[in-house]
Amino acid sequence: MANWRDTLGCMMAPNPPNPEQLPAVCRDIVMEYSEQVVKLGLTLFQLLSEALGLHPNHLKDMGCAESTLILGHYYPPCPEPQLTLGASSHTDPAFFTLLLQDQIGGLQVLHEDQWVDVPPIPGALVINMGDLLQSPIISLKASPPESLQNM
C-alpha cells in the first residue's frame, strides 16, 4: 500500500518564509490563509483554556500557539485505489489540527474500534484535538487515530 497524494507544506510560524520562497500560484493565498488561521488558533486556545477552567491565556502562555504548519494535501484520482491509501492511520502530533475538507470526503476517525466516515459539510472546519493538547500536562484523553481513504 502507498500514500497517493501530493502535499505542499510550509512552516508559517514562528518564522514565516519569505513570500518569494512560496510558489507564485499560491503565494498570496497561503500568506493570507496563514494569517487568518493564526487568529483562529489564538481564539481556539482561549476557548479551550476557558473550557478547561483555566485562565483564557493559559495555553497561549504555555507556548502552545507558537508555531503554525500549513499543509495542503491533494489526492488525485488513482487508477488502482484499492492499492493505495489517502493517508495511513495516524494521530495528529500537534495541539490541534484545523481541517477543511473538500466535497469528496474520505476522512475517517476510529471510534470504538470501527472506522467511521466524517462526511464533509460545506464551509465547515473539522477541529481535531491533537496529541500535545491531550498530553499529561494538559490531562485530556489521547487523540483518536484517523485515516483518509483515496476516493
(request) With the condition kept exactly as written, say whether any residue in segment 89-99 is over 15 Å from the mean Cα position of the chain (by Cα) and in a strand (DSSP E or B). (result) no
(message) Anything in segment 8-30 that is open to solvent by less than 80 Å² (accessible area, probe 1.4 Å) and farther than 16 Å from LEU98 by Cα? List them, or say none.
(response) PRO16, PRO17, PRO19, LEU22, PRO23, ALA24, CYS26, ARG27
(request) Working carefully through the options LYS39, LYS60, find the one that is part of a helix (DSSP H, G or I), basic (Lys, Arg) and over 18 Å from LEU132 (Cα atoms). (result) LYS39
(message) Against the definition (modelled with pLDDT of 90 or more and either within 15 Å of the chain's Cα centre (by Cα) or of a type in the set (Asp, Glu) (or both)), how does VAL37 come out, yes or no?
(response) yes
(message) I'm told ILE70 meets every condition in (1) part of a strand (DSSP E or B); (2) out of contact with any helix residue (DSSP H, G or I) (no Cβ under 8 Å at 6 or more places or on another chain) except one. Can you identify the failing condition by its number?
(response) (2)
(message) I need the full set of residues from segment 14-32 which are under 21 Å from ALA65 (Cα atoms), in contact with a strand residue (DSSP E or B) (Cβ under 8 Å, 6 or more places away or on another chain) and of a type in the set (A, V, I, L, M), in order please.
(response) VAL30
(request) Provide a single number: the residues in segment 105-120 that are open to solvent by 60 Å² or more (accessible area, probe 1.4 Å), of a type outside the set (Asp, Glu) and in contact (Cβ under 8 Å) with a residue 12 or more places away in the chain. (result) 3
(message) So PRO17 passes all but one of these: (1) in a loop (DSSP other than H, G, I, E, B); (2) out of contact with any Cys (no Cβ under 9 Å at 6 or more places or on another chain). Which condition number does it fail?
(response) (2)
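The values are calculated or read from the model by the stated rules, or taken from the named source; none is laboratory data. Fair warning: this is a prediction, and the values are worked out from it, not measured in the lab. Neighbour counts run over all protein chains shown; Cβ positions are idealised from the backbone, glycine included. What goes into the accessible areas is simple: the full protein's heavy atoms, side chains included, and nothing from ligands, DNA or RNA. Shrake-Rupley method; radii C 1.70, N 1.55, O 1.52, S 1.80 Å.
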